[in-house]
Amino acid sequence: MNAFQQEPANPFDRAEHKNVIPRLELINICKSYNSLKANHQIHLTVQPGAIHAILGENGAGKSTLMKIIYGATRADEGQVIWNGKEVNIDSPSAARKLGIGMVYQHFSLFETLTVAENILLGLDEKVDLKQLHERIVAVSEQYGLRVDPRREVFSLSVGERQRVEIIRCLLQNPSLIILDEPTSVLTPQAVKQLFKTLKLLASQGVSILYISHKLHEIKELCDEATILRNGLVTGHVYPKDQSTSDLARLMIGRDLPTYQHVDFSGQKQQLFSVDDLNYESEDPFGVSLKHIQLDLYGGEILGIAGISGNGQAELLSLLSGEQVSAKGSIVFQGVDISLQSAGLRRDQGLGFVPEERLGRGAVPNMTLSQNGLLTAFRKELSDWGLINFTKMRAFAEQCIEKFGVKASGADAEARSLSGGNLQKFIVGREILQNPKVLIVSQPTWGVDVGAAMFIRQTLIDLSRQGVAILVISEELEELFEISDRICVLAAGQLSKPMKTTDTNAEQIGLLMSGIANTTNSTEISLNQAHA
Ligand code: ADP
């Protein structure tokens, strides 16, 4: 039995650590970007073998601090002490030499190369590919990170890709590993497996810096947490002693509001349905859709769970009209719209919020007024085919005010807004056009807790006014929070919707990996074996 198969003992002991030399100590770290203090007088102590969370909303300064530790950015002031000695970390390779490894949120793997080739490219030392294969197999077995070094990366699931990144990091024998939002795209089963690996590493003395805004994960996994707000440390706590609402208060500076779900009092009418929709993707990395069946009722939210890359982009483009398919039907208020253009669909009251905010949801270098015009011009903002500039500006101003968008005004460029504020603007723009059906992809991706709660509550309220809402999301927690029914899109197939109250995250997680891997042989058995 290797160590991964045993339940790792957690060696972290608060009293014991008082007398130990810290693995990493940051003293008075300051970093400004022009007048903005991204990090101000930060003190942080990470003990050997501790899993230490860095908790904070978007813009709190977490990534800046991690970049300083990993040598990707230089602090303006302050000291970095590594195992009791002051060090100058001026590059990522200097950090790796000291024993600091980093696993990024967005993977940096080449799709068409194998696992071993990708790992080889990321190593600082020169190694022979055959030897590397053996080392990968040894590390992956030791830490329950099973992945075949000969597989090409494009054929791997997201969970497997993350394992490749972690193996690459472990091959450098780090004594501190930084993980940036590692669970945002994992199934619940893969999250459990990751936590087991991290606890095992910690039990062997490796320190982990774990960046996240998921409070229950921090409570479950982390021994300590340092909380950042507006570039400052606002607290240091032992998360296991705290409730999630205590942690939230430290993070956002006030209590988290709770969601208000009222029952829909009107008659549930079917407004939208998809029948046996099929689509052959021409893109070699695209996903074909098979026999998609769904219906949407006014007054409810239907959630589609699943990991991006399983047909989500293709389904959204067929529903919005950016792509059309003659195989199957899409019916909106009794009319088959499957061959209609996106504009025609919008005219009839079908609203869309795409996944990618900058580029598809909004044009970065256009003002908010102009961005409002992009989807609302036919309905609200033009007279006899000519743009009405007064109405255009008023529309953007209304959106800014009603949806609490923090921006300098209607003339602010979209790219000047933070992710959460731009997302509020894009969702608001669609809602102000009074859609009958609203289709939203990843409504709160990368959006901080406060803005995410606002967007989710707005969607719940809109549905209770009789609008039918479809939400495609990778965040299971979000879907359980807002959906009345839930189904899973995996490998281009949609499962049968279930009432959210009749299912749970485990069951949905199994569907996510189960169907997803009918074409991908190893994942389901591994997930089940290590769950
Ligand atoms: P977090 O990781 O907690 O979301 P960041 O460290 O990314 O926060 O950002 C902290 C603040 O610093 C934000 O206001 C962000 O806009 C700003 N910032 C980060 N990097 C840069 C940069 N390279 N140039 C200008 N401002 C930056």
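When you go through N28, N58, N83 one by one, which is the residue that is within 16 Å of the ligand (Cβ to nearest atom) and not small (G, A, S)?
Numbers: N28 fails: within 16 Å of the ligand (Cβ to nearest atom); N83 fails: within 16 Å of the ligand (Cβ to nearest atom).
Answer to the selection: N58.
Just to be sure I understand the filter: pairs with C-beta atoms under 6 Å, separated by 6 or more residues or on different chains, first member in segment 18-45 and touching a residue at least 24 places away in the same chain (Cβ under 8 Å) and farther than 17 Å from G71 by Cα, second member part of a strand (DSSP E or B) and of a type in the set (S, T, Y). Which pairs pass?
P22/T45
With the condition kept exactly as written, say whether any residue in segment 467-481 is assigned by TED's automatic domain parsing to the domain that holds A313, within 16 Å of the ligand (Cβ to nearest atom) and either more than 26 Å from R229 (Cβ to Cβ) or β-branched (V, I, T) (or both). Steps first, answer last, please.
In the first step, residues of segment 467-481 are kept if they are assigned by TED's automatic domain parsing to the domain that holds A313; the result is 467-481.
Checking the rest, the ones that are also within 16 Å of the ligand (Cβ to nearest atom) come to none.
No, there is no match, as no residue in segment 467-481 is assigned by TED's automatic domain parsing to the domain that holds A313, within 16 Å of the ligand (Cβ to nearest atom) and either more than 26 Å from R229 (Cβ to Cβ) or β-branched (V, I, T) (or both).
Would you say G420 is small (G, A, S), farther than 19 Å from L319 by Cβ, assigned to a helix (DSSP H, G or I) and touching a residue at least 60 places away in the same chain (Cβ under 8 Å)?
Values: small (G, A, S): yes; farther than 19 Å from L319 by Cβ: yes; assigned to a helix (DSSP H, G or I): yes; touching a residue at least 60 places away in the same chain (Cβ under 8 Å): yes.
Criteria met by G420.
Which of the residues belonging to segment 442-455 are surrounded by fewer than 21 Cβ atoms within 10 Å (Cβ to Cβ) and either away from the ligand (no atom under 16 Å from the Cβ) or among the aliphatic types (A, V, I, L, M) (or both)?
Taking segment 442-455 first, the residues surrounded by fewer than 21 Cβ atoms within 10 Å (Cβ to Cβ) are 445-446, 448-450, 453-454.
Passing the criteria: V449, M453, F454.
Touching a Pro at 6+ places or on another chain (Cβ under 7 Å) and within 16 Å of the ligand (Cβ to nearest atom): which single residue out of I218, I227 fits that description?
Details: I227 fails: touching a Pro at 6+ places or on another chain (Cβ under 7 Å).
Result of the check over I218, I227: I218.
Among the listed residues L65, L113, which satisfies the condition of being closer than 30 Å to I21 by Cβ and among the hydrophobic types (A, V, I, L, M, F, W, C)?
Working: L113 fails: closer than 30 Å to I21 by Cβ.
So the residue among L65, L113 that is closer than 30 Å to I21 by Cβ and among the hydrophobic types (A, V, I, L, M, F, W, C) is L65.
Considering only segment 519-530, I want to know if a residue exists there that is outside any loop (DSSP other than H, G, I, E, B) and at pLDDT 95 or above. Let's see the steps before the verdict.
Of the residues in segment 519-530, the ones outside any loop (DSSP other than H, G, I, E, B) are 523-530.
Then keep just the ones that are at pLDDT 95 or above; that gives none.
Scanning segment 519-530, I find no residue that is outside any loop (DSSP other than H, G, I, E, B) and at pLDDT 95 or above, so the answer is no.
Go through segment 262-287 and give me each residue that's surrounded by 15 or more Cβ atoms within 10 Å (Cβ to Cβ) and under 30 Å from S308 (Cα atoms). Even if it seems obvious, please write down each step before you answer.
We begin by selecting, within segment 262-287, every residue surrounded by 15 or more Cβ atoms within 10 Å (Cβ to Cβ); these are 264, 271-275, 277-279, 281, 286-287.
Within segment 262-287, L271, F272, S273, V274, D275, L277, N278, Y279, S281, G286, V287 qualify.
Determine whether segment 91-102 contains at least one residue that is within 15 Å of the ligand (Cβ to nearest atom), under 28 Å from the mean Cα position of the chain (by Cα), buried (at least 16 other Cβ atoms within 10 Å of the Cβ) and within 20 Å of R161 (Cα to Cα). Steps first, please.
Residues of segment 91-102 within 15 Å of the ligand (Cβ to nearest atom): 102.
From the residues that got through so far, the ones that are under 28 Å from the mean Cα position of the chain (by Cα) too are 102.
Restricting the remaining residues to those that are buried (at least 16 other Cβ atoms within 10 Å of the Cβ) gives 102.
From the residues that got through so far, the ones that are within 20 Å of R161 (Cα to Cα) too are 102.
There is at least one residue in segment 91-102 that is within 15 Å of the ligand (Cβ to nearest atom), under 28 Å from the mean Cα position of the chain (by Cα), buried (at least 16 other Cβ atoms within 10 Å of the Cβ) and within 20 Å of R161 (Cα to Cα).
Answer with yes or no whether V324 is modelled with pLDDT under 90, surrounded by fewer than 23 Cβ atoms within 10 Å (Cβ to Cβ), at negative phi and not hydroxyl-bearing (S, T, Y). Steps first, answer last, please.
Working: modelled with pLDDT under 90: yes; surrounded by fewer than 23 Cβ atoms within 10 Å (Cβ to Cβ): yes; at negative phi: yes; not hydroxyl-bearing (S, T, Y): yes.
Against the criterion (modelled with pLDDT under 90, surrounded by fewer than 23 Cβ atoms within 10 Å (Cβ to Cβ), at negative phi and not hydroxyl-bearing (S, T, Y)), V324 qualifies.
Take segment 377-399 and flag every residue that is at pLDDT 85 or above and not aromatic (F, W, Y). Don't jump to the end; show me each part of the working.
At the first step, the residues of segment 377-399 found to be at pLDDT 85 or above are 386-399.
Within segment 377-399, L386, I387, N388, T390, K391, M392, R393, A394, A396, E397, Q398, C399 qualify.
The values are calculated or read from the model by the stated rules, or taken from the named source; none is laboratory data. Computed from a predicted model, the values in this text were never measured in an experiment. Because the Cβ atoms are built from the backbone with ideal geometry, glycine has one as well, and the counts that use them run over all protein chains shown.
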